């Protein structure tokens, strides 16, 4: 029995040391190495031991203080009253248990009103005013003494430097101290990271750490460059004037003085209504403009709240109703690569299992290989992982300060993990590709594209049938479609004589399709229907095209170095050459007239780009209409584009055309243009 007590005492000392260490990382250095969820678990374990063994509690226990010791580089500010944190409730039952506990201490709690406010994930700040002027600002520090960051706080425009800000505002006490939370709004944080990324500088992991780090700079100019703001919610101390004794009235009073307060705060007549409102923000927190890790339920009567006193560092008059964690830290065990249906290689994080927002997560997306390099994410790293709503979990970045030196730098694969063929990566593009037309990981998508209306237009080959053919082992590449027999088809579920004969008839008709359709059907990266037509007219057949070099290809108008490299790489792949030989053997080898003389007409010398769905003309129809009138159709908008033909649900081409000053017309205007 003594041995168990000794073990528990040892664990207690370990927990005190760990929580104090993480307090220091979070509150002093602003670079935590664990998530809030993990910190809460350690603190709750510590609290449970202390509840069972109150005689073990010592003054160095983190339950007896708030925050951490202030950093030595700042002057110290002693707070006029303790700046404390809150106990946590992880769900409605915890909130009700808190209510039952405080109700036993004071029966006035039974009829109390409650105020619900957001628990903003930022840096707690304390603002001092004398005769209406802002004179000093500090961090929370250890709850008794904070750091003087007055110069930095003056750069935050949301902080009124003089009270009242309006003549109509209430007159404040001669001396008063308020508490608020400084933060960076989510939108501004994303914009800040975007600017840093464009400038080639290091980006930040999350708004909270960025806000805290910005406010604790020795250079106020750096703080001023950050999009900081704050919300105020408490009067810590006042002299020479009266202030409200209700939390709801305090918020209204602070607002009248010119301070920003949370617009989602509400007052309720009973706890159940407060809990119901709080729970709506679990799913609705994305509507907030700032990061919040919960909502705070406060007893509205501040005199009653004060009479209830404290438990350690936690006031009994309020409880933090925590949301399920969206961000946690865990270990990156490895990086796997998946090959998508379009041939794009995507890295996936293999994680040490961790619970996020009620779900056990073992894998997360790493976006792309550039992201891994930019963030310097290494195998073995402690990484910050986020999951919001139904969004797929993703890695935000590494916790660099948690590195041991054993982590390994990651390099993208040189070969496709599905088929072993060399992968390609074009300069200026994020994606890495497998260009093997017979790659098993993308075979279904390749065949689906090959038979589509804009390509070989093989009627009767829908997604389900293509899937059947591949699963039966009858189709291992697109060329195998033309060797199918009636007997093979009849063995498949759902096929009878008529259906098999119709499909074989469609395949026979496809042998006569044009060269430009076949080129478009091959799925070469960057080669659409328009480019396929240009290649068809220039080279005449696939043999000539397969021998073309990058320089020769770039002689075609609108064909740049990346697409030229993509074409050359596709034809250089042995697996793709094998597919071409099989197509030729199957009689699928159309020949076009090279450099066929273009028709003259109203559109001669004009270049068109089409975007969106037109009222009457199909994509092929509008292309044929333009070319029959002597015009040219290209895939991308450039300064050389004469007109953008606009239909419903256009893509990014409209934005590009508007930025370049390209004239935009609709189908009716196109036809009018053709008639002169």
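Only the coordinates and a few stated rules stand behind these numbers; no lab work does. Owing to the predicted nature of the structure, the values given are computational and were not obtained by experimental measurement. Positions of Cβ are backbone-derived with ideal geometry, glycine not excepted, and every protein chain shown enters the neighbour counts.
Miscellaneous remarks
- Per-peptide average of other Cβ atoms within 10 Å, ordering 312-323, 10-21 highest first: 312-323, 10-21
- Gained length - residue 578 relative to residue 336, 0.36 nm times residue gap less alpha-carbon distance: 84.2 nm
- Subtracting the Cα-Cα distance of residue 663 and residue 217 from 0.36 nm times their residue separation leaves 155.5 nm of extension gain.
- A straight line joining the Cα centroids of region 228-294 and region 490-545 runs 65 Å.
- Inter-part distance, region 548-573 to region 341-402, computed on C-alpha centroids, equals 35 Å.
- For the chain, the mean residue ellipticity at 222 nm estimated from helices alone is -10000 deg cm²/dmol, where every DSSP H run of n ≥ 4 contributes -39500 (n - 2.57) and the total is divided by all residues, rounded to the nearest 500.
- Among 419, 439, 434, sorting on how many other beta-carbon atoms sit within 10 Å of each Cβ, with the fewest leading, yields 419, 439, 434.
- Overall form of region 426-585 per C-alpha gyration tensor (a/c, 1.5; a/b vs b/c): prolate
- Each of the peptides 270-283, 125-138 was scored by the mean count of other Cβ atoms within 10 Å over its residues; in descending order, highest first, they stand as 125-138, 270-283.
- Region 229-326, relative contact order in percent, only Cα pairs under 8 angstrom and at least six apart counted: 25
- The distance from the alpha carbon centre of region 403-482 to that of region 184-220 is 39 Å, rounded to a whole number.
- Looking at the chain, the DSSP beta bridges with both ends there are about 85 percent antiparallel.
- Residue 490 paired with residue 353, simple spin-label distance in nm, labels 7 Å along Cα-to-beta-carbon: 5.1
- For region 607-674, the antiparallel share of DSSP beta bridges with both residues in that region comes to about 10%.
- Region 327-409 shape via C-alpha gyration tensor axes, a/c threshold 1.5: oblate
- The mean sequence separation of alpha-carbon pairs under 8 Å and at least six residues apart, normalised by the residue count of region 607-674, gives a relative contact order of 40 percent.
- Under the criterion of Cα pairs below 8 Å and six or more residues apart, the relative contact order for region 426-585 equals 28 percent.
- Helix 497-510 vs. the chain, principal-axis angle (Cα, 0 to 90°, nearest 10): 80
- Full extension of the chain between residue 430 and residue 93 gives 116.6 nm of extra length, using 0.36 nm per residue less the Cα-Cα distance.
- Normalised by 2.2 N^0.38 Å, where N is the number of residues, the alpha-carbon radius of gyration of region 78-322 equals 1.03.
- Neighbour counting of Cβ atoms within 10 Å sorts the residues 98, 56, fewest neighbours leading, into 56, 98.
- Shape call, region 600-676: gyration tensor on alpha carbons, a/c limit 1.5: oblate
- Highest-first arrangement of 206-213, 459-466, 669-676, where packing means the average Cβ count within 10 Å: 206-213, 459-466, 669-676
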